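Taking it in order: structure first as structure tokens, then the write-up.
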Amino acid sequence: MRTIILYYTFGGATMTEAEKLASELKADCVRVREKKKRGLFTAFLPGCPQAMKRKASDIEPLGVDLTGYDRIALGAPIWASYPAPAFNSMVKLLPANKEVELFFCSGGGDTSESRAGTIKLVEDMGCTVVSYRDVNTGGKPKKLEE
Ligand SMILES: Cc1cc2nc3c(=O)[nH]c(=O)nc-3n(C[C@H](O)[C@H](O)[C@H](O)COP(=O)(O)O)c2cc1C
């Protein structure tokens, strides 16, 4: 089975998780980047209201063909109890009939407020959610320095 991991990270925690998963599964791993760079302030505003409204953000082209994979894992941080906007952009790229794994990094490890709606977004693309995982990263929000 060919698996690819797509992830967005702001502070690096989701990247750490994605790379761990990639080495366990021997999967390809691609970091999704937003076209407009965010700072900590713009992550909160407008990032949090966008996340809560399930808005997608503009992302750089992936450079990979997702149709060639059987299983696609999507990872993102949680902002204001919802997946960060770039997650919604990744969902829009899903080809139908794929198995999808989801993992979310958050300071509290609880995504019960958004979980059902998040799964529905993916299912509305014609995909099957085979797993959903919360990763409790603790600590304070930070920005990844690149
Ligand atoms: C704008 C913003 C909003 C956040 N909102 C929440 C939240 O509602 N619940 C929570 O548990 N963590 C929240 N966090 C913490 C992040 O989800 C957590 O630090 C996560 O591990 C960050 O992943 P990253 O390093 O890949 O960006 C927030 C962080 C940021 C920057």
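Here are the numbers for this structure:
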quantity	calculated
Check on Pro95, free of Cβ contacts under 8 Å to residues at least 60 places away in the same chain, out of contact with any Cys (no Cβ under 7 Å at 6 or more places or on another chain) and not in a helix (DSSP H, G or I)	yes
Residues of segment 112-146 that turn out to be within 22 Å of Leu21 (Cβ to Cβ), modelled with pLDDT of 95 or more and within 16 Å of the ligand (Cβ to nearest atom), as a count	9
Matching option when the condition is of a type in the set (Gly, Ala, Ser), within 15 Å of the ligand (Cβ to nearest atom) and either touching a residue at least 40 places away in the same chain (Cβ under 8 Å) or touching a Leu at 6+ places or on another chain (Cβ under 7 Å) (or both), among Ala76, Ala80, Ala51	Ala76
Any chance Ala96 is under 15 Å from Thr9 (Cα atoms) and either in contact with a Gly (Cβ under 7 Å, 6 or more places away or on another chain) or within 15 Å of the ligand (Cβ to nearest atom) (or both)	no
Among residues of segment 1-40, those that are free of Cβ contacts under 8 Å to residues at least 12 places away in the same chain and either assigned to a strand (DSSP E or B) or under 14 Å from Ala84 (Cα atoms) (or both), counted	1
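For every residue, the table says whether it meets (1) assigned to a helix (DSSP H, G or I); (2) exposed (fewer than 14 other Cβ atoms within 10 Å of the Cβ).
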residue: Glu101; (1), (2): no, no
residue: Cys105; (1), (2): no, no
residue: Gly108; (1), (2): no, yes
residue: Gly117; (1), (2): yes, yes
residue: Lys120; (1), (2): yes, yes
residue: Gly138; (1), (2): no, yes
residue: Lys142; (1), (2): no, yes
residue: Glu145; (1), (2): no, yes
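The values are calculated or read from the model by the stated rules, or taken from the named source; none is laboratory data. This is a predicted model, so every value here is computed, not measured. As a convention, Cβ positions derive from the backbone with ideal geometry for all residues, glycine included, and neighbour counts pool all protein chains shown.
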